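S.K.: This is the structure I have questions about; it appears just below.
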Amino acid sequence: MVEMIRVPVKECRTICIEAYERNGVAPEIAALATEQFILCDLLGIQTHGILRLSHYIGRLQAGGIEPATSITVDRKTPAMAIVDGGNTLGTAVAGRATEVAIEMAQEVGIAFISVKNSNHFGANASFGWGACENGVILLSGTNGSLTMPATGGKAQVVGNNPIGYAAPRKGGKHFILDFALSVQSRGKIRRAAELGETIPEGWGLDSNGMNTTDAAKVLQGFVLPVGGHKGYGLALAVDMLTGVLSGGNYAPLIKSQFYEPEKPSGICHYFICIDPDKLIGREMFQARLEAYCSWIKEQPSIDPKIPVRVPGERAAEAYAENLHKGILVDSDHHKRNQGLAKGTVKGVIPKG
């Protein structure tokens, strides 16, 4: 049985930074990468937080990720730039790209940042939260290795390519939307496989294209797009905005972080920032957003005990609780992370 414990945020941050730096990661990159882990855990997205430290360290040790390289920014216009991640930690690359997007949007009102030569970047929600804390709207997305079939097809042709949208709400309960374009993320399916739990029917298919509730078999087969052909089409669109537009890798060129961990993934991202202060003013935008969210929440719910919510409210509540009580961590993973920081254990790359 999994034992969950609370670990102070400061301790989690220190462990991650020490583990990265022990494996040759430059201090600035280690700090950027760690911050995204911490944000994911604070927001309650445990599948994309410090749980993944061992996996990322494993890829560093396998040679698939460059530990000490430069993240470069090529600003093409006042509102457009390409960020080259230099094949370092994707959480750090995306963190830097978000910073650039925020800075540019605050200068000229809007910014589009295309990112290439990166790796798995965690969750859109952490970058959205950071943008909201700076008063700007963020739209984001990332491509990934092949996981989903085309509509009517039985071969993997596109990743589950998560997308995000975030808008700053007054009071801090920011509107945060983050979801993979598969019915469910591989991270949650992988966690179910690790725990030996079944998954709902409709999340994925086995390698023969048959429905299954066995998480391990789905990892060897296909995850299914949300909304059928609609999710498939959106996943393609994300690949075009990331890999194709950046000059980086798109679906068939991306290497799997699980099955080819020693090779650069070549994952690409995009970040679009909009500063409402340059349109109707930040205060007016937030006032109108609050009025809109309040109207939604006033609507009757099917179950009176479960009120209507808007995206991001649970994450904000989790953030406040986890910041105060400490991050919820699987005790076994915490011990392993401590070992990674001390150099007494090696990283482990999960299968699928």
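The numbers here are math on the coordinates, done by the rules we state, and not lab data. Not measured: the values here are computed from a predicted model. Heads up, the Cβs are rebuilt from the backbone with ideal geometry, glycines too, and the neighbour counts pull from every protein chain shown.
S.K.: On a straight-distance basis, which aspartates and glutamates could pair with Lys297 in a cross-link, Cα separation under 14 angstrom, same-chain partners fewer than 8 positions away excluded?
M.R.: The reachable aspartates and glutamates, counting only those whose Cα sits under 14 Å from Lys297, are Glu313.
S.K.: Suppose we look only past 31 Å in the calculated P(r) of the chain. What percent of the Cα-Cα pairs does that tail hold?
M.R.: 32 percent
S.K.: Lysines within cross-link reach of Lys116: Cα-Cα under 26 Å, excluding same-chain residues under 8 positions apart?
M.R.: Partners found: Lys76, Lys188, Lys230, Lys255, Lys263, Lys351.
S.K.: Suppose the Debye formula is applied to equal point scatterers at every Cα of the range 130-247; what is log10 I(q)/I(0) at q = 0.13, 0.21 Å⁻¹?
M.R.: -0.56, -1.06
S.K.: How big is the range 81-134 along each principal axis, measuring the range of its Cα positions in Å and listing the largest first?
M.R.: Dimensions of the range 81-134 along the principal axes of its Cα atoms: 29, 21, 11 Å.
S.K.: May I ask for the longest run of the chain untouched by GluC sites (Glu not before Pro) that are loop-located per DSSP and have at most 14 neighbouring C-beta atoms (other than their own) within 10 Å?
M.R.: The reported range is 4-196.
S.K.: If you don't mind, there's one more thing I want to ask. Given only helices, namely DSSP H runs of n ≥ 4 each adding -39500 (n - 2.57), what is the per-residue ellipticity at 222 nm of the chain, to the nearest 500 deg cm²/dmol?
M.R.: Calculated from helices alone, the mean residue ellipticity at 222 nm is -12000 deg cm²/dmol.
S.K.: Go through the range 177-278 and name the chymotrypsin sites (Phe, Trp or Tyr not before Pro) that are in a DSSP coil and have 11 or fewer other Cβ atoms within 10 Å of their Cβ.
M.R.: Hits after loop and neighbour filter: Tyr259.
S.K.: Do you know the relative contact order of the chain, to the nearest whole percent, from alpha carbon pairs under 8 angstrom that are 6+ apart?
M.R.: Result for the chain is 25 percent.
S.K.: Arranged by the count of other C-beta atoms within 10 angstrom, fewest first, what order do Phe121, Phe175 take? Each step should come with its number before you reach the end.
M.R.: On the way: Phe121 29, Phe175 21.
By the 10 Å Cβ count, ascending: Phe175, Phe121.
S.K.: Return the long-range amide H neighbours of Phe179 (sequence gap of 5 or more, or a different chain), with a cut-off of under 5 Å between placed amide H atoms.
M.R.: Ile163
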